[in-house]
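Working notes, beginning with the structure itself.
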Amino acid sequence: MRNTSNRTRRDILTSIPAAGAAALGAIGLGEARAATRSPIPLKAAFSNSGLQSSWCAQGKAAAEYWGNLFNVEVTWFDGQLDEAMASQKWDFVAIQPISVSTLLEPVKKMIDAGITVIAMDAMIVPGGPESIGVYTLIRADNVNMGRLVTRALVRKLGGEGKIIMTQGPLDNTAVQDRTKGFNIVVKEYPGIEVLDTQPADWDVSKVAQQWRAYLAKYPQIDAAFFHSDDMALAAYEVMKASGRTSILIGGIDAMPPALDAVLEGRMFVTMRNPACLIHGSAIIAGVTALQGGEKAGGRVPRYVVIDGPLVTFENAAGMWWMQDQFLM
């Protein structure tokens, strides 16, 4: 449980919505329940899969931006959740797990200490947030992302051709769901041949090595689906060096370098995994939990799904602007 000073912080925050409701009178329920800037500084710890990933780096910037708006000081733990994070006192924490179940012990330690724990992008344990008392899981629909990007590639091919999927780490639940979406589509098109589906674990060096081997082995590759844009763009450089730039490329994340690639024709399609909204929503969920005096199952649903759009030439510029404002 929290010490006396932290319970007082929660008591102060809990009193804000009640006082506000009395003053606001006839404001609708949705407006009255909106999180407000904390009247006292809050401390939050964040961790995601590592800032070498452009998606994670953008998420850090978004968390700090939204934290400033809501009076939350964000401390970052890059690509880890170690004993230093788990043993300190926080008002809330937000974690993007690299793989499922590996963080169970430190997360359970924080939950047992009364700290609100929020999961981002992927599940911390297979049973979902309710299985260990995680406050909420905020993510995109990864099955849908895998399905829509794959379908865009397959339709561009007219339902016939040879495709390769490059996955992220296989023990990550977001990766598992993106693969499900890919498989749903290729099963619908008997004219599509899947040449390979090896994981590259978000590692651009590994991607380059794999794709040099693919290009040497397969004289025909019509399309490629990558679980992240960073991997897609690393593979494109290998394709370019081999003179194989006719391969249709689809990715996930819709980060600015990928938006450039779509606008310039190097990538055919990507889909926005909204790093800004996911990390920013984790800030708002943490503040909401403290203002409501909640641990879990309160005003924020156990599962919050935030989807971004499929990004093509037509909407890439607008997507870039939205990211600049930390809105998508």
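The values are calculated or read from the model by the stated rules, or taken from the named source; none is laboratory data. Treat the numbers as computed from the prediction; the structure is a model and nothing was measured. Note that each Cβ is placed from the backbone with ideal geometry, even for glycine, and that neighbours are counted across all protein chains shown. Note: areas computed on protein heavy atoms with side chains; ligands, DNA, RNA excluded. Shrake-Rupley method; radii C 1.70, N 1.55, O 1.52, S 1.80 Å.
Values for this structure:
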item: Among the residues listed as Val107, Val93, Val100, Val72, the single one being of a type in the set (Val, Ile, Thr), free of Cβ contacts under 8 Å to residues at least 40 places away in the same chain and at negative phi; result: Val107
item: Matching option when the condition is at pLDDT 95 or above and under 21 Å from the mean Cα position of the chain (by Cα), among Ala152, Ala94, Ala122; result: Ala94
item: Test: Val149 is in a helix (DSSP H, G or I), more than 18 Å from Cys56 (Cα to Cα) and either in contact (Cβ under 8 Å) with a residue 40 or more places away in the chain or open to solvent by less than 20 Å² (accessible area, probe 1.4 Å) (or both); result: yes
item: Breaking point among (1) assigned to a helix (DSSP H, G or I); (2) more than 24 Å from Gly127 (Cβ to Cβ); (3) touching a residue at least 40 places away in the same chain (Cβ under 8 Å), for Gly318; result: (3)
item: Arg33 vs. criteria at pLDDT below 90 and charged (D, E, K, R); result: yes
item: Residue among Asp229, Asp196 that is acidic (Asp, Glu) and touching a Gly at 6+ places or on another chain (Cβ under 7 Å); result: Asp229
item: Residue count for segment 159-185, restricted to those that are under 24 Å from Arg212 (Cβ atoms), open to solvent by 30 Å² or more (accessible area, probe 1.4 Å) and of a type in the set (A, V, I, L, M, F, W, C); result: 1
item: Residue list for segment 237-270, restricted to those being under 26 Å from Asp141 (Cα atoms) and among the hydroxyl-bearing types (Ser, Thr, Tyr); result: Thr270
item: Number of positions in segment 295-307 that are part of a loop (DSSP other than H, G, I, E, B) and either under 13 Å from Ile138 (Cβ atoms) or basic (Lys, Arg) (or both); result: 7
item: Filter result for Val154 (closer than 30 Å to Gln220 by Cα and hydrophobic (A, V, I, L, M, F, W, C)); result: yes
